[in-house]
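First up is the structure itself, then whatever we jot down about it.
The values are calculated or read from the model by the stated rules, or taken from the named source; none is laboratory data. Just so you know, these numbers come straight off a predicted model, no measurement behind them. Glycine gets a Cβ as well: all are built from the backbone with ideal geometry, and neighbour counts include every protein chain shown.
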Amino acid sequence: MGLRLLAAATLLVLALTVAPAAGKPSAAKRLKRFSSCEALVGYAARHVPRAPVRRELPPFTGGPEPSLTAPAEGDAGAGDDSSETNVQEAGVDEPDIVKTDGTTIFTLANGALHAVSARSSAPQLLGTLELDQGWGATLLLRNGRALVLGSGPRGARMTELDVSDPANMRVLRSQDVDGGIIDARLTGRTARVVVASYPEALSGARGLRKRASGWLPSSTVKRARPGTSFTERAVRCRAVRRPALFSGAGLLTVYTVDLAAGLPAVDADAVFTSADAVYASPDALYVATQRYDKDGTFGANTSIHRFDTADPDSTGYSASGAVPGTLLNQFSMSEDRGVLRVASTVGFDERAESRVTTLDGRLVPRGVVGGLGLGERIYAVRFMGDVGYVVTFRQTDPLYTLDLSDPDRPAVVGKLKIPGYSAYLHPVGDDLVLGVGQEATDDGRLQGLQLSLFDVSDPAHPTRLQKLRLGGRSSSSAAEWDHHAFLWWPDTELAALPIDGLQFSGAAGYRVNRVRGIAQIGRVSHASFGAEWTPPVSRAVVVGARLFTISDLGVKASELESFADAGWAAFPQPPEQDLPIHGEPPSPLPG
């Protein structure tokens, strides 16, 4: 999941999450574990106001809203001739609305999971499984098992599915836990699901403040067969930690799910704090929390908690630290050789400036480079090994290149200032980076969706080789805020992304390389498939020699080299649709 973070939920509990005034974050310290339920209840009762607080669950982010490593793709089981979810780190999968095992495309749409054959002569709908997951559900896929992450009556819901036979998909188990899902990661057979919850004790119900059950989330596991369920406390008192300074009544819980064994979660670890952004390397999970100062100004600093994920059967709390300012999204964090690099923006308006901080394995700061984009804020971040890229924007787009080879002395080595900005950066070959963002005038007025191709072979002198405008002034792409919507297929140098505008709604594909620059292959629209409105295309997937584009209406196949029509599979539709109406697609743009 945009990140699409929890600013709204954080504002809801402002009175409960006040932190000391921001200054230079102190050295990181391990959080303290509660020795007993009595100690936990005493701590919570002492720090949380007695006045009733309106309880609302944080919105489900789906995981939301990348380190510039080689393009990382992460579903288990997909073939070498099929693409996978565009993820931040190789080997660490992320939940999304579309997954493929290289033979079947699984898509969440219209409250159901649809399975479409990708190897038949034309795409065919193999099966549909209705789900009760609420809005914004996503899924993880491994070896014929799917874990759907969404919402249920009590908050977060995890549902385990058997999808080994796409024509007969079935629900095996579900686990409902208090709170809302922030994000999740899958490494091997192990999924870690991060949930933010707010205690029942805040409702003012009599007696709950004196019981551990009033402060800790509960869990209900339901088995489809024989239809039994049981409810228990989701996390043990001694598995909960607290910061040295009170950081709010909310609880951040990491649930460890073994997809080989299925639900319920085999482990749960919690911290008394809120949660905003999730980043994971192959061996660690990081959760960032934006904090307030005493005056309620958002973004005093960001706390970061590290969990060790090397053991597939458990998740262990490791360390906590902090950096000044606020983070953009998960790509603001990146681990390389045990060092975490964090990009943050400090201050607001003309007083804003951005920086990159390096922290060691204990999350103690080692080095910092600041002064990026004075009076601007971060719009995009990517890290690649020893090099970092930061885009800031207010009127123009400075693209900064950073040398991070010495974590104690990070430094800016290059800067490119151009109109507009890139909201997403993706590596597209040796020393080339493709930016997805908005064109703008010199005074910062946005003009519409554009692609920018950057040559970063000389970090001290980055250059823009080409820019290509993709639509009118109101045009945009989901790839600007959701990297899962972007597809890079290196075998044919194909970049594909959704486009949504008044003149066109669909997807477009481009051949991208140093010789030809950005050259359009073709465009795909789902406009003519049984509806007067044009549904936005949400994802694009490569299987074999075809490109499959997905919308709420269904899946369309196109020839990979020419984008010629290669078939259509429709999804069952609910009785009524309330979707935006778009105009007819324009003639293809010249390549």
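Worth a mention:
- Filter result for the condition that a residue is over 29 Å from SER174 (Cα atoms), modelled with pLDDT under 95 and surrounded by 20 or more Cβ atoms within 10 Å (Cβ to Cβ), over VAL48, VAL53: VAL48
- Members of segment 316-328 found to be crowded, with 24+ Cβ neighbours inside 10 Å and farther than 20 Å from GLY371 by Cα, listed by number: GLY321
- Segment 539-555 - residue that is among the small types (Gly, Ala, Ser) and buried (at least 22 other Cβ atoms within 10 Å of the Cβ) and, of those, farthest from ASN86 (Cα to Cα): GLY554
- Residue in segment 564-582 that is over 28 Å from the mean Cα position of the chain (by Cα), surrounded by 14 or more Cβ atoms within 10 Å (Cβ to Cβ), at pLDDT 95 or above and not in a strand (DSSP E or B) present: no
- Qualifying residue in segment 330-341 (condition: of a type in the set (Phe, Trp, Tyr) and surrounded by fewer than 23 Cβ atoms within 10 Å (Cβ to Cβ)): no
- Looking across segment 500-534 at every residue that is under 23 Å from SER120 (Cβ atoms) and out of contact with any Pro (no Cβ under 7 Å at 6 or more places or on another chain), the one that is modelled with the lowest pLDDT is identified as GLY530.
- THR159 vs. criteria under 30 Å from VAL271 (Cβ atoms), at pLDDT 95 or above and touching an Asp or Glu at 6+ places or on another chain (Cβ under 6 Å): no
- From the list PRO166, PRO199, PRO153, the lone residue that is more than 21 Å from ASP313 (Cβ to Cβ), modelled with pLDDT of 95 or more and either surrounded by 24 or more Cβ atoms within 10 Å (Cβ to Cβ) or not polar (S, T, N, Q) (or both) is PRO166.
- Test: residue in segment 253-263 that is of a type in the set (Ser, Thr, Tyr) and in contact with a Leu (Cβ under 8 Å, 6 or more places away or on another chain): no
- Which numbered condition SER213 fails, given (1) buried (at least 24 other Cβ atoms within 10 Å of the Cβ); (2) under 17 Å from ALA44 (Cα atoms); (3) among the hydroxyl-bearing types (Ser, Thr, Tyr): (1)
- Within segment 185-217, tally of residues that are within 20 Å of SER35 (Cα to Cα) and either aromatic (Phe, Trp, Tyr) or out of contact with any Asp or Glu (no Cβ under 6 Å at 6 or more places or on another chain) (or both): 8
- Scanning segment 250-273 for residues that are among the polar types (S, T, N, Q) and outside any strand (DSSP E or B) yields one hit, THR273.
- Selection within segment 348-358: residues that are surrounded by 15 or more Cβ atoms within 10 Å (Cβ to Cβ) and of a type outside the set (Ser, Thr, Tyr). The member of this set that is farthest from VAL390 (Cα to Cα) is ALA352.
- Output for segment 359-412, where each listed residue is among the hydroxyl-bearing types (Ser, Thr, Tyr) and surrounded by fewer than 18 Cβ atoms within 10 Å (Cβ to Cβ): SER405
- Count of segment 316-355 residues which are out of contact with any Leu (no Cβ under 9 Å at 6 or more places or on another chain), assigned to a strand (DSSP E or B) and over 18 Å from VAL278 (Cβ atoms): 2
- Among the residues of segment 356-392, those identified as assigned to a loop (DSSP other than H, G, I, E, B), more than 30 Å from GLY316 (Cβ to Cβ) and not small (Gly, Ala, Ser) are LEU374, GLU376.
- Of the strands (runs of 3 or more DSSP E) lying entirely inside segment 405-446, those containing at least 3 residues that are of a type outside the set (S, T, N, Q) and closer than 19 Å to TRP481 by Cα are 421-427, 432-440.
- Residues that are touching a strand residue (DSSP E or B) at 6+ places or on another chain (Cβ under 6 Å) and more than 23 Å from GLY501 (Cβ to Cβ), drawn from segment 443-458: PHE454, ASP455, VAL456
- Within segment 177-237, strands (runs of 3 or more DSSP E) holding 2 or more residues that are touching a Phe, Trp or Tyr at 6+ places or on another chain (Cβ under 8 Å), under 30 Å from ASN143 (Cβ atoms) and β-branched (Val, Ile, Thr): 190-197, 218-223
- Among the residues of segment 92-107, none qualifies, meaning not one is modelled with pLDDT under 95, part of a loop (DSSP other than H, G, I, E, B) and not charged (D, E, K, R).
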